[in-house]
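Undergrad: Next up is a structure, given as structure tokens.
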Amino acid sequence: MISALMPTYNRADLAFERGEGAWLYTTDGRRFLDFAAGIATCSLGHANAHLVKAISEQAARVMHVSNLYRVPQAERLAARLVEATFADSVFFCNSGAEANEGMVKAVRRAQAKTGHPERTRIICFNGAFHGRTLGMLSATGNPAYLDGFGEPAPGFDHVPLNNMNAVRAAVTPETAGVMLEPIQGESGIKAADVRFLQELRTMCDEFGLFLAFDEVQTGVGRTGRLFAHEWAGVTPDIMSTAKGLGGGFPIGAILSTEAVARHLTPGSHATTFGGNPLACAAANAVLDVLLAPGFLEQVRERAALLDTLLDGLVRDFPDVFSERRGLGLLIGLRCVPKAADVLAAANQADLLAVTAGDNVLRLVPPLVITESDCHEAVKRLTQAAEAVRAVSPEAVS
Ligand SMILES: *Cc1c(COP(=O)(O)O)cnc(C)c1O
């Protein structure tokens, strides 16, 4: 089939026409359990009544005015995020990569405006994923993603995750900060150790560096806390988030301490669409649900149920799954056969999931999944594992 879309994606031959909670329906009548959630994005599932109402009502009033004017919906959203986190202020944008770009700009700017214009370099980690803009490709550092796109943007140094000696050795007089995902998502659900995060915090304080967390995927309730770093008790100077924030509506955010944010004076950074009334109405509706008493507790309960069920699956199919990883509803199952083959079998069993690096099958369901959704998902994964076992007895690792 010849498509008018550029060939940038390997798409499954499925098209969905509607959804409800954790379920998606194809145009030809198949019903899928959605443990992909638009890549950890549809935090409230599909067609959530509260989110739909907020978006439709806002769309009928005013969608976009630009940042030439006050945007009350953005002011409210920022105030709620500040109230709920370490941050003193928030900048809204439209995607994860854009949030990370702004975060790196903010870190460099804060160094430059406090007497250290030479401090421009950011320490990043092997296996990181920070997005696909020219700058964030460099921060990501994955050679496959850089291929054919010219000289990588300068200013990013890569070291192994969870290796404090390597981090210390990488610090130079030009280092401005350290950027990392508390749990690496795209490269296979690999967590930074709590101890490592604590030591990074101490080192940043010691050398006057800024600690920047990329919580684009781990944020907004995904791990069972509002932000994943809360589990470690380590607070960054600045943080990005995006995926789950709009419940499927595009929005990104940079949350920052005053020490960094005060240098982003008028004209220093901007976006046309960022923080418009419609996007912020969507994110406010998501927060209505996430911040309601008991909601994150329910996410942790669902996660605990899935952990138990999935540990059983790994025990029953050691020839298909070698390990369960992750935290909350950011789950990785390391596969023995090719993860892509396991995903194909899951799709055959009418279950959607995502692959990640390191031969991992990633399960990132909507945060609103029910107990019965959890049981159903593991039933379908069992079917998938049986199918994979039947066709491909030999392992890849
Ligand atoms: C998805 C992701 C990004 C990129 O977000 P986009 O919205 O695709 O630009 C950046 N960082 C992390 C950790 C991500 O998971």
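Undergrad: Obtain the nm distance between the two label points defined at L309 and A270 by a simple spin-label model: each point lies 7 Å from its Cα along the Cα-to-C-beta direction.
TA: Distance between the two pseudo-spin positions: 5.0 nm.
Undergrad: Let me ask another. Quick check: pseudo-label points 7 Å beyond the Cα along Cα→Cβ at F295 and A84, how many nm apart are they?
TA: According to this spin-label approximation, the distance is 0.6 nm.
Undergrad: So what's the angle, to the nearest 10 degrees on a 0 to 90 scale, between helix 96-112 and the longest Cα principal axis of the chain?
TA: 20
Undergrad: Excluding the sites themselves, what is the longest stretch of the chain that contains no trypsin sites (Lys or Arg not before Pro) in a DSSP loop with at most 16 other C-beta atoms within 10 Å? The partial results should precede the final answer.
TA: Numbers: sites that count: R11, R30, R70, K113, R132, R262, K338.
No qualifying site falls inside 133-261, the longest such stretch.
Undergrad: Taking the number of other C-beta atoms within 10 Å as the exposure measure, put M6, M179 in order starting with the fewest.
TA: M6, M179
Undergrad: On a 0 to 90° scale, report how tilted helix 277-290 is relative to the longest principal axis of the chain, with both axes built from alpha carbons and the result rounded to the nearest 10.
TA: Result, in degrees: 60.
Undergrad: Between A49 and Q383, what is the FRET efficiency for a Förster distance of 41 Å, r being their Cβ-Cβ separation, to the nearest 0.05? Can you show the working numbers first?
TA: Working: r = 31 Å, r/R0 = 0.76.
Computed FRET efficiency for A49 and Q383: 0.85.
Undergrad: For helix 49-61, report the angle its Cα long axis makes with the longest principal axis of the Cα atoms of the chain; keep it between 0 and 90° and round to the nearest 10°.
TA: Tilt relative to the chain: about 50 degrees.
Undergrad: Using Cβ contacts closer than 10 Å as the measure, can you line up V234, V65 from fewest to most?
TA: Numbers: V234 21, V65 11.
Neighbour counts put them in this order, fewest first: V65, V234.
Undergrad: What FRET efficiency comes out for the pair D316/V65, r = Cβ-Cβ distance, R0 = 56 Å, nearest 0.05?
TA: Result of the calculation: an efficiency of 0.50.
Undergrad: Here is a follow-up. 7 Å from Cα along Cα→Cβ at both Y25 and R262: what's the point-to-point distance in nm?
TA: That separation, rounded to one decimal, is 5.6 nm.
Undergrad: Figure the gain on full extension for A144 and K338 (residue separation times 0.36 nm, minus the Cα-Cα span) and round it to one decimal in nm.
TA: Additional length available on full extension: 68.0 nm.
Undergrad: Under a cut-off of 22 Å between alpha-carbon atoms, report the lysines in cross-link reach of K190, not counting same-chain residues fewer than 8 places apart.
TA: K243, K338
Undergrad: Another one. How many angstrom separate the Cα center of the stretch 216-250 from the Cα center of the stretch 308-342?
TA: So the two Cα centres are separated by 24 Å.
Undergrad: Measuring from a point 7 Å past the Cα of E199 along Cα-to-C-beta, which residues in the stretch 108-139 have an amide N at less than 19 Å?
TA: Counting backbone N atoms under 19 Å from the label point, the list is 123-128.
Undergrad: Please rank I238, I254, fewest neighbouring Cβ atoms within 10 Å first, as an exposure proxy.
TA: The most exposed by this proxy come first: I238, I254.
All of the numbers you see were taken from the coordinates with simple rules; none came from a lab. It should be emphasised that the depicted structure is a prediction, and the values quoted were computed from it without experimental measurement. Note: ideal-geometry Cβ built from the backbone for every residue, glycine included; neighbour counts use all protein chains shown.
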